[in-house]
Each structure stands twice: as C-alpha cells, then as structure tokens.
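Please treat every number below as a calculation from the coordinates, not as lab data. Please read these numbers as outputs of a predicted model, since none were measured by experiment. Here the Cβ positions follow ideal geometry from the backbone for every residue, glycine too, while neighbour counts run over all protein chains shown.
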C-alpha cells in the first residue's frame, strides 16, 4: 500500500470522504429548520409521540424493545425473554431451559441504540458473563438462522385501509472471504468499511484475526445488520411491488397502534419474503427510525436529506391525524425529561458496550 492509499485508508479520511459515517449532528443540523417548521405547525416540539400510540414516546427514544415485541403477534418474532439487571444466574438458566431455548442466542439491552450491546451468545459461560457485566435490563432471544437481513420502512395513515412501503434496505453483514494467503486482519484492512471496525473486532476476536482462511471460505464476523457495526446498506426500494407491500402490510396491521417505523427482518429468500413466508421480525422501530436505505454508498448527502425530510413530513401528518383523534402529544416537561433520560442512558451504553 503506497502513501496515498495509507492516507485514504486512515479512519479520519474514510469518515471525511464518506458522509454515511458523519456524526449525527453533521448530517441533521443542516435540515433542522424543517423539523422546527413542522413542530411550529403542530404546536409541539414533541408531536412525534402521537405517531404510534401503543409505543412509548411513539418509539422516538427510550422505548422498551420487550414492550414492542409484546404487541407483535408471536409468530412473527423470535422467542424473547427480558431479564432485569442483577437477575441471579440460576434464574436465567432455569427460565431459558423451561422455554426450550438452545444456543446460539442473541443478547441485547432492552433499550438500545446503534447495535451497542448486541452479542451472539454461543454457550452458557458467555451468557452468564454477559448477564454479570450488564447493569441494564437486557433481552435474550432465540437466534434467527435465516441468512439474509432487510430493513423495511412502513407507514399507514390512520383511517387508511392499507399501508405503504417507503424504503427497503438490504444489509450485507460484515464478512470476509479467504484467499489462502492473507490473514483475516489483512483482509479487513483492504476494505475501508471494515477498517473502521478493526478496534472492536480486535477486542472481540484477539489473535483469532491472524487466522488465514482457505481460498473461497467466507467468515461472518458480525452476525447482525447494523450500520454502526460494519454492515453495508444497499437501497432495494425498487423491489416494493404490490405483493411485497401487501405481505408487509398484513403483518403491520396486526400490530395495534403502529403507523410509522422500520421493521428489521431476517429472511430465507426474497421470493419467500415477498409472499410473507419464512421471515422473522428481529426489531420494530418507531418514530425515531431512519430511512436507512439512504446509507447506500451510491447515494449523496443531498439524497439523504431529501429522504429524511420526506419521512419527517409523513411522521408529522400521521401524528397530526392521531392528535385530532384525541392522542395527546408529550408535554414540554415530559419531552425534556425524555431527552435528559436518553442522554444519560446513551452514556451508559457507550461505556458498557462496544
């Protein structure tokens, strides 16, 4: 690698020249006047809270994942148990056994963000280590073995018979393909997206990254499709035909009080997903959802701004309709308290989890 390549592969320049890695404020500050205008028209800075009446704060911040799973029909999501921080190890093992959970499993904070604290658990030792380290309530889920993951942005205006799909993002999980000569870490260093994940991966795998994979062998290093954890997001919104839309709408209309948000789905094949078969909703996100198809590397920051604003307007319209039907907005005091609690909670997540 020559000097120019070394410069371009430095994390600072990777982030600088690829807007998808910019900090939240650097992306959103430029379009905040639009949010302020919508807030003024709604006469509330917290209008979003009326968008999904069955989800805490409309799903904008500080929402419990377990409470969201509880309003989704059980056949659509993996088996999930919520444990309070400090739950004795014996009680955890007993409950998992009674419900027939088998390894591997997924553990994650009940209130999370950006994939922090999400971990694949391969045995009892790893589970107990995770539980002992977590001072936060956490979930343990059955691992969904379907090979593919997609994010589907859905909305339905209250009173409408059918909903709409406004974006589809296909997720390529962080994986490397061996060539028979390069170590895993050398393969990672050849991909700018993966370079940003090296500090975390070195903590997770240690000397295991020195392994040389046989030619053609694929090794998945991060088994969940989170952008902040190295997944590549690709815009497949053009695939939202009538059949796919009806399949997703049929699921979402069974979630009482859900009108706006993104479903993260593991699935077997696209043909089956399109017909609503062989899928599992691993997360349902509400008013705070981003239209993550905008993170496709082919899209510019201007495309991202257009999509964010488009979805803000949809969120505003849904919230206004629900408000006119009697769903209250958060008061200013409640909204500021939510923001304060979220700030404290995010600091805990950053300190506790990679």
Margin query: If I build a Gaussian network model for the chain, linking alpha-carbon pairs within less than 10 angstrom, which residue out of 246, 67, 333 has the largest mean-square fluctuation?
Written below: 333
Check: Stretch residue 40-residue 317 to full length: gain in nm at 0.36 nm per residue minus the Cα-Cα span?
Finding: 98.4 nm
Check: Which order do 43, 262 fall in if you start with the one that has the fewest other Cβ atoms within 10 Å?
Finding: 43, 262
Note to self: Step by step: find N for region 67-188, compute 2.2 N^0.38 Å, then divide the Cα radius of gyration by it. What's the final number?
What the structure shows: 1.33
Notebook entry, point to check: Over all Cα pairs of the chain, how is the pair count split among 10 Å bins, expressed in % and running from 0 up to the last occupied bin?
Noted result: 5, 22, 32, 27, 11, 2, 0
Check: Going by alpha carbons, how many degrees (0 to 90, nearest 10) lie between the helix axis of 332-352 and the longest principal axis of the chain?
Finding: 10
Notebook entry, point to check: What is region 260-354 by shape, rounded, prolate or oblate, if you read a ≥ b ≥ c off the alpha carbon gyration tensor as root eigenvalues and call it rounded for a/c under 1.5, prolate for a/b larger than b/c, and oblate otherwise?
Noted result: prolate
Check: Given the options 183, 64, 166, which has the most mean-square fluctuation in a GNM of the chain, springs set between C-alpha atoms less than 10 angstrom apart?
Finding: 183
Checklist line | Residue order, fewest to most surrounding Cβ atoms within 10 angstrom, among 219, 203 | finding: 203, 219
Note to self: Need one number: nm distance between label points at residue 114 and residue 198, each 7 Å from Cα along Cα→Cβ, rounded to one decimal.
What the structure shows: 2.0
Notebook entry, point to check: With a 10 Å Cβ neighbour count serving as the proxy for reagent exposure, in which order, fewest first, do 48, 13, 244 appear?
Noted result: 13, 244, 48
Check: Gain in length, residue 271 to residue 210, computed as 0.36 nm per residue apart minus the alpha-carbon separation, to one decimal in nm?
Finding: 18.1 nm
Item checked: Amide N proximity, region 310-354 versus residue 85 label position 7 Å along Cα-to-Cβ, cut-off under 17 Å -> 340-354
Check: Gaussian network model of the chain, Cα springs within a sub-10 Å range: biggest mean-square fluctuation belongs to which of 206, 335, 59?
Finding: 206
Check: At what distance in nm do the modelled label points of residue 75 and residue 350 sit from each other, each positioned 7 Å from its Cα along Cα→Cβ?
Finding: 4.4
Check: Which distance in nm do the two modelled labels at residue 190 and residue 332 give, with both placed 7 Å along the Cα-to-Cβ direction?
Finding: 5.8
Item checked: Descending principal axes extents, region 79-143, alpha-carbon based, whole Å -> 30, 23, 19
Notebook entry, point to check: So for region 76-115, Kirkwood radius off the Cα pairs, Stokes-Einstein at 37 °C and 0.692 mPa s: how many µm² s⁻¹?
Noted result: 282
Note to self: With the cut-off at 1.5 for a/c, could you classify region 1-83 from its C-alpha gyration tensor as rounded, prolate or oblate?
What the structure shows: oblate
